[in-house]
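Contents: one structure, followed by commentary.
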Amino acid sequence: MKDTFITNWVIDTVKEKYADDIALVVSHTTLRIDPDRPAVSYFVPITRRGEEFARTFILEGIGYDIWGIPWERLERFAGLKEYNITVLADSEILYARTDADRARFEELKKRQADHLADRALMRVHALEAYGQAKNIYLEMLFASGGDVKVGAGYVLDYLARAVAFSNNSYFRKSQTDQLRELADMPDVPEGFAALYSDIFFEKDQERQKRDCHRLICLTRDYLDQRAPARKDASPAEQNYQDLADWYGELSYTFLRIRHYTDAGDPVRVYMWGIYLQSELNQVCMDFGIEKMDLMSCFDAQNLSLIAERANEAERLIRTAITRGGGIIHEYASREEFLNEV
């Protein structure tokens, strides 16, 4: 068989000519057409000469890519910083230069498995995959023709990865068998598989874009529902002086919104509103305060709605600072200011 011939040739050549240059020869077959037959996939070079052993060729109609992965990059695989987790997780050593090389490789596989079992870490990776899907979708919105299908495929891929990571899992076959592998995971969003399939088979590019948006929203809700419960810190555990200092800096923005509301300037109210909203989102998360939603109240024909919501948010922030022991540095008069400073 061709695979056996090439595998034996690689191992024999490494033993005879690269014994001081290559630490391991490794089989990884989950992405091959015939995944059940061990075959050489990559090697671990330890010298420049070892790196030069890499080969890409076609033998009797079958392409081979025998590539080198140095120890430093395998460390990235172990740290889940490479795309195809399976390359390390589902690999098998065919040849090891020394027992120490074999042990180092197995330790990396164990480290990767430990990371996969870490719920907090995998949630971070799930959120990163979700974010990547959103970025691709934004590019897809302006695409046409085949580029829409390319974008949709990668949106599906990264959203599926977000779900798999939430299950402390990964895809052994990368992009190609995701629905089948998701079916074996215990916690998958209801309707995810059906919508995934709809997107895959959809011919109309605008409907494909629309359904990608629906799947992104479905995944967002799924991730939100599985967010770890936030432990509300007591005032003693939070530095509410930081919040007071933040408020001192942002108080002028609250004033801006009131001023431009009175002036009837919807553009400035809107743009200062989104700035204040982003700041509030961060500070509410940092201090365990319920989100304060300003921008849903924006109405260019009735600016008083967002102004009232901004005033309410300001009162809540001031109350939180006072209760937490923070000090707002504010003065009713110039004399008072001069006496203190």
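Coupling constants for segment 301-306 follow from the phi torsions by the Karplus curve (6.51 cos²θ - 1.76 cosθ + 1.60, θ = phi - 60°), and in residue order they are 8, 8, 5, 5, 5, 6 Hz; glycine and proline get x. By the equivalent-ellipsoid construction on the alpha carbon gyration tensor, segment 119-225 comes out with semi-axes of 22, 14, 12 Å, ordered largest to smallest.
Binning the C-alpha pair distances of segment 1-56 at 5 Å intervals from 0 yields a P(r) profile of 4, 20, 30, 23, 13, 8, 1 %, listed from the shortest bin outward.
Under 5 Å from the amide H of Tyr95 lie the amide H atoms of Val25, each residue being 5 or more positions distant or on a separate chain, with H modelled from the backbone and absent for Pro and chain starts.
Among Ala307, Ala129, Ala227, the largest mean-square fluctuation in a Gaussian network model of the chain, built with springs joining Cα atoms closer than 10 Å, belongs to Ala307. Which distance in Å, rounded to a whole number, links the C-alpha centroids of segment 314-341 and segment 61-76? Segment 314-341 and segment 61-76 have Cα centres separated by 62 Å.
Among the listed pairs Lys109/Lys173; Lys173/Lys203; Lys81/Lys149; Lys110/Lys173; Lys17/Lys109; Lys17/Lys81, which are separated by more than 22 Å between their Cα atoms? Checking Cα-Cα distances, Lys173/Lys203; Lys81/Lys149; Lys17/Lys109; Lys17/Lys81 exceed 22 Å. Residues His259, His125, arranged from fewest to most other Cβ atoms within 10 angstrom of their Cβ, appear as His259, His125.
Label-to-label distance, Ile11 versus Arg334, with points set 7 angstrom from Cα along the beta-carbon direction: 9.0 nm. Helix 192-201 and the long axis of the chain differ in direction by around 70°, with both axes built from C-alpha atoms. Sorted fewest first by neighbouring Cβ atoms within 10 angstrom, Cys217, Cys212 come out as Cys217, Cys212. The fewest-to-most ranking of Leu182, Leu156, Leu138 by surrounding Cβ atoms within 10 Å reads Leu138, Leu182, Leu156. Equivalent ellipsoid of the chain: semi-axes from √(5λ) of the C-alpha gyration tensor, largest first, are 54, 27, 18 Å.
As a calculated quantity, the FRET efficiency between Ala19 and Glu82 at R0 = 22 Å, using C-beta atoms, amounts to about 0.20. Segment 78-102 and segment 20-57 have their alpha-carbon centroids 11 Å apart.
Entry note, segment 2-115: relative contact order of 28 percent, from Cα contacts under 8 Å with a spacing of 6+ residues. Would any residue of segment 161-186 have its amide N under 13 Å from a label point 7 Å out along Cα→Cβ of Leu121? List them or say none. Residues 168-169 qualify, since their backbone N sits under 13 Å from the label point. At 0.36 nm per residue, and after removing the present C-alpha to C-alpha distance, how many nm does the segment from Ser144 to Arg111 gain when stretched out fully? Length gained, Ser144 through Arg111: 7.6 nm.
Computed from the coordinates by the stated procedures, all read-outs in this text should not be read as laboratory data. The model shown is predicted, which means the values in this text are computed figures rather than measured ones. No Cβ is skipped: glycine too gets one built from the backbone with ideal geometry, and neighbour counts run over all protein chains shown.
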